[in-house]
1. Could you pull out which residues in the stretch 28-47 have an amide N less than 19 Å from a spot 7 Å beyond the Cα of Ala21, following the Cα-Cβ vector?
2. Could you go through the stretch 24-36 in sequence order and give the Karplus-derived ³J(HN,Hα) for each residue, using 6.51 cos²θ - 1.76 cosθ + 1.60 with θ = phi - 60°, rounded to whole Hz, and x for Gly and Pro?
3. For the stretch 1-93, what does the convex hull of the Cα positions come to per residue, in cubic angstrom?
4. Quote the FRET efficiency, to the nearest 0.05, computed for Phe33 versus Ala5 with a Förster distance R0 of 30 Å and r equal to the Cβ-Cβ distance.
5. First select every other residue whose beta carbon is under 13 angstrom from the beta carbon of Glu85; then total the charges, Lys and Arg +1, Asp and Glu -1.
6. Compute the normalised compactness of the stretch 29-72: alpha-carbon radius of gyration over 2.2 N^0.38 Å, N being the residue count.
7. Pulled fully out, how much extra length does the chain show between Leu91 and Leu46, if you take 0.36 nm times their separation in residues and subtract their Cα-Cα distance?
Amino acid sequence: MNAIAKVLLYLAVVIVLVALAYLNVEQAVDVTFYPGAVLQGVPVFLVILGSIFLGVLIAGVIGAVEQVRHRFRERDMSRQLQELEAELRELRNLPISEGLLEQDEGPSSWVPTE
């Protein structure tokens, strides 16, 4: 069901973009990138589609960088978890020494603090 919803969403976006391009074929604008570089007579739909494409491209690059950072952090945390689990297994297998048992006065000596 999820794949069908994605396909329908993409189809709706394509239909809107094609309609936008069709309605704005005859309108032209001048595009200035920086002083001295001007493109004259560029159709409006090309400016809009180019802006959308650049936005998707930039968002994709940012998303990919974040995903890589997340994977590195996940790998580091997985290693740390394995180390801590190994340490916990070692501590659970340590014998209880007799000296500790003699010093323990039991639960009656424990008084909660407020």
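1. 28-29, 41-47
2. 10, 5, 7, 8, 10, 9, 9, 10, 10, 7, 7, x, x
3. Cα convex hull per residue, to the nearest whole number: 110 Å³.
4. Numbers: r = 38 Å, r/R0 = 1.27.
Once the sixth-power term is evaluated, E becomes 0.20.
5. Numbers: positive: Arg79, Arg89, Arg92; negative: Glu83, Glu87, Glu90.
Every neighbour counted, the sum reads 0.
6. Details: Rg = 15.6 Å, N = 44, 2.2 N^0.38 = 9.3 Å.
The stretch 29-72 yields a ratio of 1.68.
7. Details: separation 45, 0.36 × 45 = 16.20 nm, distance 6.66 nm.
Full-extension gain reported as 9.5 nm.
No value in this document is a laboratory result; all are computed from the given coordinates. Note that this is a predicted model, so its numbers are computed, not measured. As a convention, Cβ positions derive from the backbone with ideal geometry for all residues, glycine included, and neighbour counts pool all protein chains shown.
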